[in-house]
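Heads up: the structure comes next, in structure tokens.
The values are calculated or read from the model by the stated rules, or taken from the named source; none is laboratory data. Everything numeric in this text was worked out from a predicted model, so none of it was measured. In this analysis, Cβ positions are derived from the backbone assuming ideal geometry, glycine residues included, and neighbour counts consider all displayed protein chains. Ligands, DNA and RNA are excluded from the accessible area calculation, which covers all protein heavy atoms including side chains. Shrake-Rupley method; radii C 1.70, N 1.55, O 1.52, S 1.80 Å.
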Amino acid sequence: MSITNNLTKIKASLPENVTLVAVSKTKPVADLMEAYETGQRIFGENKIQEMTEKWEEMPKDIQWHMIGHVQTNKVKFMAEYVSLIHGVDSLKLLQEINKQAKKHNRVIDVLLQIYIAEEESKFGLDENELNEILNQVQNEKELYENVNIVGLMGMATFTENQNQIEKEFKHLKTIFETINNKDAINRFSTLSMGMSGDYKLAISCGSTMVRIGSSIFGGRN
Ligand SMILES: *Cc1c(COP(=O)(O)O)cnc(C)c1O
């Protein structure tokens, strides 16, 4: 199957309210361009340097999403153009994004990454840490004028066990709803969950943004 075929099929299967991020990490620009010609405008990368090289080379109407773990000292390299940063998991990182966004007169959209998996290696906040961050941002609004927290992101455990994955997605959806019920003013719009192997399940659990790589571009080495 070609990238065009894969993409067309997946797009047709997504509900209207679900945004597709085409995860193009490790793939050459020619592959991304095939997706672009098929109409795809949102691409996800997990390394800032690779994303920046592709941004420089490719059409400027693309929205670039950073889906990987972000090191504070590298935020400056993407602040000019990044459209959404999925993996924010500390106030320190949020402050650095704010600082770099300000230099470019921008407001950068971010998602807070929530830890929902059972694996130990995954990044993310627990519910208490999430609430702490939201309270801090609320209490010191003037320090965060150039960042906009638009939702949450999470990754399920890498397992075949569908019940386990479903439980984790539902947990994230519950956190998302709790915040939206609590805060009528700053409601979250975006719940980023679901990848090639589990995006259908994620959508049935309330995902509004799926990050799909290998099912579009083929496997990675
Ligand atoms: C690589 C990656 C994806 C896409 O994974 P596929 O299984 O290839 O769809 C999604 N989200 C994150 C955070 C990733 O790093």
Quiz item: So how do TRP55, TRP64 rank on accessible area, 1.4 Å probe, biggest first, that is with the largest at the start?
Solution: TRP55, TRP64
Exercise. Over segment 83-194, consider all pairs of different Cα atoms and compute the Kirkwood hydrodynamic radius from their mean reciprocal separation; express it in Å, one decimal.
Key: 14.5
Self-check item: Rounded to whole Hz, the Karplus (6.51, -1.76, 1.60) HN-Hα couplings of segment 67-77, x for glycine and proline
Solution: 9, x, 6, 9, 7, 3, 6, 10, 4, 4, 6
Practice problem: State the extension gain, in nm to one decimal, for the chain segment bounded by LYS76 and ASN180, taking 0.36 nm per residue of separation less the distance between their alpha-carbons. | Solution: 34.4 nm
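Note the per residue figure in Å³ for the convex hull of the C-alpha positions in the chain.
Hull volume over Cα atoms, normalised by residue count, gives 127 Å³.
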Self-check item: Helix-only [θ]222 nm of the chain, DSSP H runs n ≥ 4, -39500 (n - 2.57) each, per residue, nearest 500
Solution: -12000 deg cm²/dmol
Quiz item: Among LEU134, LEU32, LEU191, which one shows the biggest mean-square fluctuation in a GNM of the chain, springs joining Cα atoms closer than 10 Å?
Solution: LEU134
Quiz item: Which value, in Å to one decimal place, does the Kirkwood hydrodynamic radius take for segment 1-97 when every pair of different Cα atoms is included?
Solution: 14.2
Exercise. Mind checking which of LEU84, PHE158, SER196 is farthest towards the positive end of segment 77-197's charge dipole, using Cβ charges of +1 (Lys, Arg) and -1 (Asp, Glu) about the Cα centre?
Key: LEU84
